[in-house]
Amino acid sequence: MPPVIELRDVWKTYRMSGVEVHALRGLSLTVEQGEFLSLRGPSGSGKSTAMHLIGCLDLPSRGKVLLKGKDIAQLPESSLARIRGKTIGFVFQQFNLIPTLSALDNVCLPMLFQGVSREKREQRGRSLLERMSLSDRLRHLPAELSGGQLQRVAIARALANDPEVILADEPTGNLDSATGKSVLELIGNLHREDGKTIILVTHDQEIARYAKREEYILDGRLR
Amino acid sequence: MRADALSLVLSGLRGRPLRAWLTVLGVVIGVAAVVSLIAVSQGLKHAIGAQFERFGTNRIEVMPRGFAPPGTLKGLTVRDVERLDALPEFEYAVPYLLGRAVLEYKGEVSGGNIMGFPLEYRKQLRDDFGIDIARGQGFGDATSDAVVLGDLAAKELFESEMRIGDNLLVAGRKLHIIGVMEPFGNPEDDYSIMLPMDVAREALGDEQGVSLIDLKLKKGVSSAAGAESVQRALDRTHPSEDYQVLTAEQLQEQFNSLLGVVQAIIVGIAGISLVVGGVGIMNAMFTAVLDRTREIGVMKAVGASPRSIAILFLMEAAIVAAAGGLLGVGLGFGIALLIQAIAAASGFGLLTVTMEPWLVILGIGFAMLTGVLSGALPARQAAALQPVEALRA
Ligand SMILES: Nc1ncnc2c1ncn2[C@@H]1O[C@H](COP(=O)(O)OP(=O)(O)OP(=O)(O)O)[C@@H](O)[C@H]1O
Ligand SMILES: [Mg+2]
């Protein structure tokens, strides 16, 4: 079986008003099924860029990004959308919830795009929010929730379609340390209890230690 | 997916109520303009149709040519009437004399439109021209000092409503009010006061003049043939053609072509209003795409395909347009009814607008079409956004 995620000599180059910026310079990384990996590096080292490529939100300038052996650059946008919906669960630093939707509707959104029936969606959405200890916040709008609650809603949303891979980009970056810790516990549980493949992006050494495997990125490649 | 998308779009709209309603308002104004204008023009068409039904197709009118209030133009005389009366195409020729005269009722003085007609034609007046008496009596067995009042003349000319049995002074001559006519639905007729020809001649100081000649065609004679005969008879005495011959067909044609112009203008205004509404939707949708770029990025990150995103935005445009269409149709008919009420208050009781189903469908349908067309471009733009770039917004 091919590795879940494989990056082969990946370059990502942005051209800004004639100047080329290399966000990634030959990044190679292999992640096996069920691994819990942290990707640590200073600001601007290319962590988010790498996450976006793995999450099919962007395509590499050079090199290959393989998901379960498939080159994402060869797939049509509709297949990429399906992978983003079913195989990957994203947790962002800024939570990225839809402000006009309730906590429950936010959690159900990924299922909606996969054509899951309303009944099944709501059932699963409720149980996920229950797992995040948010049963009493189902109908709340994002503006009515605290940072820790928002990130727990976002984690529930990432789990909606039971994806194999969870990508968490600085998930505690906007939280105080106690709240951040509980969020990290939840993410750790996804690895231990659900066997999810997890990549946790951080610039913080202590947070990186939550993972089973630690990688360090600098200037767009692993060190 | 469709029903789910709908609820998604609705909660999006509910989350930004002011913007949503402002966009809806843009459509409402366009559709209301279209619907009210069309409803009123339809009502106008019916009113004119009703007028012609009363006029009848077996009549021809001859009157002096020119643009001026009726009764102020001269040119035709009693000799013309005699000449026309003798023509074999017609059963009779009735002359009228119209003008303004000083009236006095219970000591109050006012001006009014009087209409003199020869008493010997009173039977034809009732049978052929369908003039119905609402109260009192017609000229049936009237003496030569009788007047019959138009509905509005009776009600509006003087402080107090004129009553049957009372006296009315016309240019100083004492006359007897014997009846009031049913409303015609247009102020010109409803404000008139009918009285015997010799009274009118005396009041207006006009011995020979005629303002209008009413001709009744014999059975089997076409109005075109009648009109031609009139022309031939009057050619010698009126070489300058200072008169005009009107047949029902001609009149209807004239009105219809006028109405055609009016309706073309309305269609133009309607088109412009809809385009304005459409531009409003397009602007709102482009703003929404800009505004929600990040949301679109999030939706893409959780698995929305370009198609789903496009559907969401198209649906939003369609919902806004449908709401605007629905409210616009309601408001449009409201405005039309208001115009009807105003028209009725100023004497045009003939104008009635009806809520025609096709107009409802047209209003909402055009709004939806505009919405979908205007939403298409923004929806495509939203669908084509790159996920990372959208998320960065
Ligand atoms: N769209 C873009 N256009 C131009 N340059 C970009 C773009 N996205 C990222 N970069 C550049 O690529 C480099 C890597 O950015 P990236 O966001 O991956 O860093 P990061 O490791 O996530 O940093 P941080 O810890 O601050 O989030 C940076 O120098 C950044 O300025
Ligand atoms: Mg980053």
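The values are calculated or read from the model by the stated rules, or taken from the named source; none is laboratory data. Nothing here was measured: the structure is a model prediction, and the numbers come from that model. Here the Cβ is made from the backbone with ideal geometry for all residues, glycine too, and neighbour counts use every protein chain on show. Each accessible area value is taken on the protein alone, full model and side chains, heavy atoms only, with ligands, DNA and RNA left out. Shrake-Rupley method; radii C 1.70, N 1.55, O 1.52, S 1.80 Å.
Run the helix sum for the protein assembly as shown: -39,500 (n - 2.57) per DSSP H stretch of 4+ residues, divided by residue count, reported at 222 nm to the nearest 500 deg cm²/dmol.
Details: 20 runs with 302 residues, N = 616.
Using -39500 (n - 2.57) per qualifying helix, the result is -16000 deg cm²/dmol.
With 23 Å as the limit, the listed pairs A:68/A:181; A:64/A:181; B:155/B:216; A:47/A:196 have A:68/A:181; A:64/A:181; B:155/B:216 beyond it between alpha carbons. Straight distance only, please: which lysines reach the Cα of residue B:219 with their own Cα at less than 28 Å, same-chain residues fewer than 8 apart left out? Within the straight-line cut-off, residue B:219 pairs with B:123. Per residue, chain B exposes 47 Å² of solvent-accessible protein surface, assessed with a 1.4 angstrom probe and all protein chains in place. Helices of chain B meeting both criteria, an alpha-carbon length of 27 angstrom or more along the long axis and an average Kyte-Doolittle score not below 0.0, with helices taken as full DSSP H segments, are B:17-55, B:248-291, B:306-345, B:357-384.
Short-range pairs are left out: with C-alpha atoms under 8 Å and at least six residues apart, the relative contact order of chain A is 31 percent. Each eigenvalue of the Cα gyration tensor of the stretch B:1-67, multiplied by 5 and square-rooted, gives one semi-axis; in descending order these are 53, 15, 6 Å.
Taking all protein chains in place and a 1.4 Å probe, what share, in percent, of the accessible surface of the protein assembly as shown do carbon and sulfur account for? Can you show the working numbers first?
Details: 15860 of 28250 Å².
For the protein assembly as shown, the apolar C and S fraction of the accessible surface comes to 56 percent.
Across all Cα atoms of chain B, the radius of gyration (one decimal) and Dmax (whole number) stand at 31.2, 97 Å. Solvent-accessible surface, computed for protein heavy atoms with a probe of 1.4 Å, shrinks by 50 Å² or more for the following residues of the stretch A:77-92 when the other protein chains are added to the isolated chain: A:84. Between residue B:244 and residue B:169, the simple spin-label model (points 7 angstrom out along Cα→Cβ) gives 3.8 nm. Comparing the stretch B:116-235 with the 2.2 N^0.38 Å rule of thumb, its C-alpha radius of gyration ratio is 1.19 (two decimals). Diffusion coefficient of the protein assembly as shown by Stokes-Einstein, Kirkwood radius over Cα pairs, 25 °C, 0.890 mPa s: 78 µm²/s. Counting only other chain Cβ atoms within 10 Å of each residue's Cβ, the peptide B:288-298 averages 2. Report the normalised scattering of the stretch A:5-222 as log10 I(q)/I(0) at q = 0.09, 0.11, 0.13 Å⁻¹, calculated by the Debye formula with identical scatterers on the alpha carbons. Per q value, in the given order, log10 I(q)/I(0) is -0.35, -0.53, -0.74. Note on residue B:384 and residue A:68: the model spin-label points, each 7 Å out from Cα along the C-beta direction, lie 3.2 nm apart.
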